[in-house]
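Below: one structure, written as structure tokens.
The values are calculated or read from the model by the stated rules, or taken from the named source; none is laboratory data. Note that this is a predicted model, so its numbers are computed, not measured. With ideal geometry, Cβ positions are generated from the backbone for all residues, glycine too; neighbour counts draw on all protein chains shown. Just the protein is used for accessible areas: all its heavy atoms, side chains included, with ligands, DNA and RNA removed. Shrake-Rupley method; radii C 1.70, N 1.55, O 1.52, S 1.80 Å.
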Amino acid sequence: MRILGFETSCDETGIAVYDDKLGLLSHQLYSQVKLHADYGGVVPELASRDHVRKIVPLVQRALKDAGTSAADLDGIAYTKGPGLIGALLVGSSVARSLAFAWDKPLVGVHHMEGHLLAPMLDEGNSPDFPFIALLVSGGHSMIVDVKGIGEYRVLGESIDDAAGEAFDKTAKLLGLDYPGGPLLAKLAAKGEPGHYAFPRPMTNKPGLDLSFSGLKTFAANTIRAAANDEQTHANIAFAFQEAVVDTLLIKCKRALKQTGYSRVVIAGGVSANTHLREIFEAKIGPNGTHVFYPSLAFCTDNGAMIAYAGMERLKAKQFDNYDEQVKPRWPLDTLPPL
Ligand code: KG4
Ligand code: ZN
């Protein structure tokens, strides 16, 4: 079976063709990063308009690159939520129109389910169920007990800023461009340990909820009081990143203990962070727990993860009606099991 997947929940237009026997046949991505950089964050209306401009040429390119045509497709998947409403509407309108015109089943995918299943695109190293999913993106952070596809229990989530959002806001305070997560990570690589001690929020209380807005405030106060030179900023970036990663590690270990599981999937934009990967490998790996990540191209938003999740739902015949609404807010644990 073959599916065309659309991702337009935020500032990336991602289109992919996935085949359940042959794997990923094409994945096209257009990032709007430059468009939003001047504003220091995503401007929703500009995002929607740019999706409108890019989406159809990207679909044409994806089909051509995959050597496939509409006749070969068994369905069309699109990100139905959560995300920016205008951006979601662009993807859903195009996906639904093509599904109607080509007479194909339509599948509305939950963006975070897409992230959560992204490691499965790497067939040689895909996790078995059950596992703990640590989802760390720009819009959401959560720890999920995953027993199977659609069998999700959210054990904890961010009560304020998501992990990626905290990276971006702290990067901005350090004078870095948007999106600052990867730039902060690059700066942190030049930092030295031992200069600053950031807190590990909500780790001395029981529970698995996360909170990162205090770290951003701590960073703001630290930057204000510190010297304004590159090495000082690198040291602050180092301490901030270390605190985020350590907090995620503490919570993840707690979730593993609570569930008795021995597998962790880390996905979403922040899972591209090298320091996070190194620390999790070093601190969780030796205890016999396997840590899985998507390949780097599929950590941040992309069409391939939507096509993959859409394929699973397509095989289970979980289709959308053509009049289905997008869901800017959509709790992950309301999804049906396969
Ligand atoms: O999953 P994603 O592409 O979009 C959402 O669904 O929100 O995540 C984007 C987030 C941004 O906040 C970005 O700064 C962060 O992921 N990010 C990183 C890194 N690469 C992307 N944060 C830290 N280190 C990175 N290497
Ligand atoms: Zn995302």
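Hey, can you tell me all the residues within the range 76-104 that are closer than 20 Å to residue 335 by Cβ and among the β-branched types (Val, Ile, Thr)? Within the range 76-104, 76, 79, 85 qualify. In the range 277-321, what count of residues is obtained for those that are in a loop (DSSP other than H, G, I, E, B) and either within 16 Å of ligand 2 (Cβ to nearest atom) or exposed (fewer than 15 other Cβ atoms within 10 Å of the Cβ) (or both)? Final tally of qualifying residues: 11.
Condition check: more than 12 Å from ligand 1 (Cβ to nearest atom), more than 30 Å from residue 127 (Cα to Cα) and surrounded by fewer than 18 Cβ atoms within 10 Å (Cβ to Cβ). Does residue 175 satisfy that? Taking the combined requirement at face value, the residue satisfies it. Taken together, 168, 145, 177, 161 contain a single residue that is of a type in the set (Asp, Glu), farther than 20 Å from residue 113 by Cβ, assigned by TED's automatic domain parsing to the domain that holds residue 273 and more than 16 Å from ligand 2 (Cβ to nearest atom), which is 177.
Screening residue 203 on (1) part of a helix (DSSP H, G or I); (2) surrounded by fewer than 22 Cβ atoms within 10 Å (Cβ to Cβ); (3) among the hydroxyl-bearing types (Ser, Thr, Tyr) shows it passes everything except condition (1).
Residue-wise test of (1) open to solvent by 20 Å² or more (accessible area, probe 1.4 Å); (2) touching a helix residue (DSSP H, G or I) at 6+ places or on another chain (Cβ under 7 Å); (3) among the hydrophobic types (A, V, I, L, M, F, W, C); (4) within 16 Å of ligand 2 (Cβ to nearest atom).
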residue: 192; (1), (2), (3), (4): yes, yes, no, no
residue: 211; (1), (2), (3), (4): no, no, no, no
residue: 226; (1), (2), (3), (4): yes, yes, yes, no
residue: 236; (1), (2), (3), (4): no, yes, yes, no
residue: 257; (1), (2), (3), (4): yes, no, no, no
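Can you name the condition, by its number, that residue 294 falls short on among (1) in contact with a strand residue (DSSP E or B) (Cβ under 6 Å, 6 or more places away or on another chain); (2) away from ligand 1 (no atom under 13 Å from the Cβ)? With respect to (1) in contact with a strand residue (DSSP E or B) (Cβ under 6 Å, 6 or more places away or on another chain); (2) away from ligand 1 (no atom under 13 Å from the Cβ), residue 294 is out only on (2).
The condition of being polar (S, T, N, Q), surrounded by fewer than 18 Cβ atoms within 10 Å (Cβ to Cβ) and assigned to a helix (DSSP H, G or I) holds for only one of 232, 247, that being 232. Name the one entry in 234, 255, 243, 188 that is away from ligand 1 (no atom under 14 Å from the Cβ) and over 15 Å from residue 134 (Cα atoms). Checking each option against the conditions leaves just 234. Look at the range 134-160: where a residue is in a loop (DSSP other than H, G, I, E, B) and a partner is open to solvent by less than 10 Å² (accessible area, probe 1.4 Å) and away from ligand 2 (no atom under 16 Å from the Cβ), sitting 6+ places away or on another chain with Cβ atoms under 9 Å, you get 159/210; 160/210; 160/212. Of the residues examined, residue 331 is not one that is closer than 28 Å to residue 73 by Cα, at pLDDT 95 or above and surrounded by fewer than 21 Cβ atoms within 10 Å (Cβ to Cβ).
Matching residues to (1) within 22 Å of residue 48 (Cβ to Cβ); (2) touching a residue at least 60 places away in the same chain (Cβ under 8 Å):
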site	(1), (2)
77	yes, yes
83	yes, yes
87	yes, yes
91	yes, yes
94	yes, yes
104	no, no
110	yes, yes
116	no, yes
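None of 269, 180 is surrounded by 18 or more Cβ atoms within 10 Å (Cβ to Cβ), under 25 Å from residue 295 (Cα atoms) and either free of Cβ contacts under 8 Å to residues at least 60 places away in the same chain or among the basic types (Lys, Arg) (or both) except 180.
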